Amino acid sequence: MVKSIVVVGGGSAGWITANLLNAHCRRAGRQTQITLVESPDIPTIGVGEATVPSIRRTLSDIGLPEQELLISAEATFKTLIRYKNWNLGDSYDHPFDRRRRPLTDGAVRRWTAQNNLPFDRSFSALSQLADNHISPKSPRQPQYQGAFPYAYHLDAIKLANRLASFGRERGIQHKLCKVTDVKVSPEGLISAVHTDQGEALTADLYVDCTGFRAALLGGGLGVKMKSFAKHLLCNRAVTMRIPYEVYKPERIVTYTQAIARDHGWQWDINLQTRRGIGYVYSSDFLSEDAAETALRQNEGPHSDGLEARHIRFTSGKRLVSWKGNCVAVGLADGFLEPLESSGLYLVEFAGRAIATMLDDFATAPQATARYYNRIVDELYDEILGFLNLHYVTSKRRDTPFWQAVTADDAILDDLRDRLELWKRRSPTEFDFPGADRLFAQDSYEFILHGMKYVDGPVSGAPAVPDMSALISKSRSELPDHEAILALVQRAAAARA
Ligand code: FAD
């Protein structure tokens, strides 16, 4: 039995993983001691504000009430990503819902060609509901459930803080100190981690959540990175927080904006009391100063006095995520890029998988590590392919960046054949083998049709699904997004 786990790192990855493991062990009636060690001097990355719907299951598994999340992490509801200018002048959505196909996939193809209507608005209700600022859930619905699939925009630092106090209340031991040395046995296993307070911590399993430093798996065990930079060119971000006292948008919207820019793209995320914005770009084409200037120009003069933060990242992953008695989760394991908000999803997936495999690890450690590495590799490949799709289907060639990201050698081999097929037809379920994928047929269709990539044959179009009944029902039954946030804030004020 795994009796003790040391998690090193107190960012979103550390606290989500520690809480998932703790909740799993408590449910199973196990006495596994979980200790989280976090350096008070090394700040967390502080970004990671957009999530995908799986976060609801994760937080529900952890046991954090939804109201607690909304209050403590200043969360707002997210129902889609709105893409702008990925083809110059175009805008389309990648919503979390997808209306059942009216007939067959062939029908979708014919519909697309004949009607020339926006795919997102015809096959999802969420675009129109987002335009009208409708919340995806009403306060009457049980926690973490809504009328439509939804995720959150949230303050990542505040989420980690809330999960820290939640975890401590449930028995996670929390140590504020820095791991300064990782002792490795001749067999290649971690035998202890030493801290700057002179302690040597030992455990059956070590979870490396030290962010890009990867102090255990990278530093201690020497596991190297593989790069995705050939297919994902962005490697920098400049970010800024815009408090509503400085500038308040007309409405707090339920979508992440992903606006293509000359040398990358910019996110725009609405929380309860501020916006978070960030320009993601490639250092091959833009300097840090020029990126910050562009971000400020895009935002306007009210950004003049606000602090900008520069973040460097590399798109890549450790060659193995689990080696011996150490598994890396979050940025310590890898990162693709912020598009499509997959960072926290990777953490959620890892935390749940490790919790499920604890018994396997106790009895068959090598097979467990090999199998875990395989499924995590597959997940990274899946996300890599989907992110690559966003760039390589663009018709933009207006700057050296857009020429480079759309060049033939930037296309993933795995995607190349399917892209040729998708020129003539919409994706089908057979294009996405494997169960329980994060991004499968529905997501690909929203991007490919949004980018006007598919040019299908015209014949015998079926009726376009009629969204109007669903939209008017939802408009009458669901509250305004800001009205539901006001309820949350009233509850928070009453508690204070
Ligand atoms: P960090 O937040 O860096 O935490 C590392 C922790 O390790 C810290 O607590 C630090 O103190 C500790 N530590 C480091 N070294 C030691 C040591 N030697 N001893 C003790 N403690 C140590 N994800 C999303 O899901 N949605 C998004 O919209 C999104 N946007 C992103 C935008 C950018 C530009 C980037 C770079 C990432 C984004 N991500 C996003 C990813 C997301 O931010 C991360 O997946 C998530 O925050 C997890 O980070 P982490 O906990 O692994 O690392």
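Go through the stretch 233-252 and report how many residues are farther than 15 Å from residue 311 by Cβ, in a loop (DSSP other than H, G, I, E, B) and in contact (Cβ under 8 Å) with a residue 60 or more places away in the chain. Reasoning before the result, please.
So in the stretch 233-252, the residues farther than 15 Å from residue 311 by Cβ come out as 233, 242-252.
Cutting the leftovers down to in a loop (DSSP other than H, G, I, E, B) gives us 233, 244-252.
Of the ones still in play, those that are also in contact (Cβ under 8 Å) with a residue 60 or more places away in the chain are 233, 246, 251-252.
Residues that pass the stated criteria total 4.
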*Listed residues 62, 16; which is hydrophobic (A, V, I, L, M, F, W, C) and either in contact with a Lys or Arg (Cβ under 9 Å, 6 or more places away or on another chain) or outside the structural domain of residue 201 (by TED's automatic domain parsing) (or both)?*
62
_Just checking, does the stretch 304-311 include any residue being within 10 Å of the ligand (Cβ to nearest atom) and either open to solvent by less than 20 Å² (accessible area, probe 1.4 Å) or hydrophobic (A, V, I, L, M, F, W, C) (or both)?_
yes
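Quick check, is residue 379 modelled with pLDDT of 95 or more, farther than 25 Å from residue 93 by Cα and touching a Leu at 6+ places or on another chain (Cβ under 9 Å)?
Working: modelled with pLDDT of 95 or more: yes; farther than 25 Å from residue 93 by Cα: no; touching a Leu at 6+ places or on another chain (Cβ under 9 Å): yes.
Criteria not met by residue 379.
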*Counting only residues that are in a loop (DSSP other than H, G, I, E, B) and either open to solvent by less than 20 Å² (accessible area, probe 1.4 Å) or in contact (Cβ under 8 Å) with a residue 60 or more places away in the chain (or both), how many does the stretch 198-219 have?*
6
_All but one of (1) in contact (Cβ under 8 Å) with a residue 60 or more places away in the chain; (2) within 10 Å of the ligand (Cβ to nearest atom) hold for residue 280; state the number of the condition that does not hold._
(1)
*Limited to the stretch 341-361, what total is found for residues that are open to solvent by 10 Å² or more (accessible area, probe 1.4 Å) and near the ligand (Cβ under 9 Å from one of its atoms)?*
5
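Here's the yes/no breakdown for (1) over 18 Å from residue 28 (Cβ atoms); (2) of a type in the set (A, V, I, L, M):
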position: 344; (1), (2): yes, yes
position: 350; (1), (2): yes, yes
position: 360; (1), (2): no, no
position: 363; (1), (2): no, no
position: 366; (1), (2): yes, no
*Check the stretch 5-13 and report whether any residue there is open to solvent by less than 40 Å² (accessible area, probe 1.4 Å) and more than 22 Å from residue 158 (Cβ to Cβ).*
yes
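Among strands (runs of 3 or more DSSP E) lying entirely in the stretch 136-197, which contain 1 or more residues that are open to solvent by less than 10 Å² (accessible area, probe 1.4 Å) and either within 15 Å of the ligand (Cβ to nearest atom) or β-branched (Val, Ile, Thr) (or both)? Walk me through how you get there before you give the answer.
Details: elements: 151-153, 173-176, 179-184, 190-195.
The qualifying strands (runs of 3 or more DSSP E) are 151-153, 190-195.
The values are calculated or read from the model by the stated rules, or taken from the named source; none is laboratory data. Quick caveat: nothing in here was measured; it's all calculated off a predicted structure. For neighbour counting, all protein chains shown are included, and Cβ atoms are generated from backbone atoms with ideal geometry for every residue, glycine included. Surface accessibility is based on the protein's heavy atoms, side chains included, excluding ligands, DNA and RNA. Shrake-Rupley method; radii C 1.70, N 1.55, O 1.52, S 1.80 Å.
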